[in-house]
Amino acid sequence: MRSIFIGSTGGEPGQTLAAWALALKLKAKGARVGFFKPYGLLPDVGTSAEGAFCDSDVALFKGVLGLTETAEALCPVVLTENLIAEVSASHEERLIAKIEEAFGEISRGKDVALIMGAKEIFLGGGLSKLSDSLLVKLFDASVLLVDRYQRDNLTLYSLLSLNSFLDGRVKTAILNHVSPEKMDHLQAKVIPFLQGKGLKSVAAVPESPILAALTVFTIADLIEGQILCRSDLGGNLIKSFTIGAKYLEGPLSIFKQVYNKVILTGLSETGEEEKALGGIILTGGKTPGDLVLGIAKERSIPLILTRADTFQTMERLEKARPSLTARDEFKVRQFLALMEQAAASDQWVEALL
């Protein structure tokens, strides 16, 4: 059985998305794939099938991979921020033993086990001895390292120092969120340099509006809202939001009379062409009249009603960092398409096996 550790250099580089893409590629090869997150934090989005709180990555991969193991086995150490200091001081050996036992359970009958690291591999899980580096070596794992590219020096230092610290176990690196104007530079200079230093596969993935988009369903969850009409269009991709009335023309001008609202700007599935209107949020909790609802239905505009006021709604949307769910399958499809352009064939996967 092969163990693959998915690590992050920090800054929310797309670690979960990369792990999801890798899982799909491995399944397509016929491999029996398991998932393991040694430690997670609560509270977090997502619940287990039994209704108990669990890490959002566990909830996602249980569904994506059809796993039957319990949430406790898939993520044996679950802490709140307030408990980290207490646990790190007194229970490390017991927790390591618990992690080893759980890993033995989730890897049984699998060809590959994907191990999800902390949000930043330098810091591990916030526990002084229970670190990502310890677990990489404990499970003899090859490493997929995901980096949010900003500058050459930061990326080179992060990847090369970690590869040295992990005894050359970093086999694939993904440089994510690369601005389009930097792509040629990375392909010509940075990637060959990293490969010359021992990294088997390095792929640069450009910024994509689709990867940054939210669906109407996700937005409704974020603002604790209810979709009043056209829930069949809950998968509409939303690029941005505004309190302006730019897109309210023709029959939609009736919404200018609705003062408590947020306009959702849509995005096509190719990410290349905007739709004028992807949805409308009605704030303040007041249900609209039949005329407003009728026009929204006729013009195929999903309406979301929330009790929050307009300021609170905009604040929630601006600060939103929602966890991936099964409804975000469009993002992993886009990520895989970008990876196919960035790395020759399946080289980034083969390097890890």
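Values as computed for the structure displayed
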read-out: DSSP beta bridges in the chain [antiparallel fraction, %, rounded to 5]; value: 30 percent
read-out: Rounded to 10°, Cα long-axis angle of helix 15-28 versus longest principal axis of the chain; value: 80 degrees
read-out: Net charge, residue 26 excluded, C-beta distance under 13 Å - Lys, Arg +1, Asp, Glu -1; value: +3
read-out: Proximal charge balance of residue 313 [Cβ under 12 Å; K/R count +1, D/E count -1]; value: 0
read-out: Debye intensity ratio in log₁₀ form over the Cα atoms of the stretch 143-226, taken at each q of 0.14, 0.15, 0.21, 0.26 Å⁻¹; value: -0.54, -0.59, -0.89, -1.25
read-out: Relative counts (whole %) of C-alpha pair distances in the stretch 212-319, using bins that are 5 Å wide; value: 2, 13, 27, 27, 21, 7, 2, 0
read-out: Full-extension gain in nm, residue 167 to residue 151, via 0.36 nm per residue minus C-alpha separation; value: 3.3 nm
read-out: Where Rh is the Kirkwood radius over Cα pairs, Rg/Rh for the chain; value: 1.01
read-out: Estimated FRET transfer efficiency (residue 197, residue 105; beta-carbon r; R0 30 Å; 0.05); value: 0.20
read-out: Under 12 Å, Cβ to Cβ, from residue 244 - net charge with Lys/Arg +1 and Asp/Glu -1; value: +3
read-out: Cα→Cβ-extended label distance, 7 Å offset, between residue 312 and residue 249, nm; value: 3.5 nm
read-out: Length added when fully stretched, residue 232-residue 298, from 0.36 nm per residue minus Cα-Cα; value: 22.4 nm
read-out: Relative contact order (%) - the chain, alpha-carbon pairs under 8 angstrom, separation at least six; value: 18 percent
read-out: Degrees between helix 310-319 axis and first principal axis of the chain (Cα, 0 to 90, nearest 10); value: 20 degrees
read-out: Span per principal axis, largest first, for the Cα atoms of the stretch 151-199 (Å); value: 33, 17, 16
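The numbers here are math on the coordinates, done by the rules we state, and not lab data. A quick note: this is a predicted structure, and the numbers were derived from the prediction, not measured. Note that we place each Cβ from the backbone using ideal geometry, even for glycine, and neighbour counts take in every protein chain shown.
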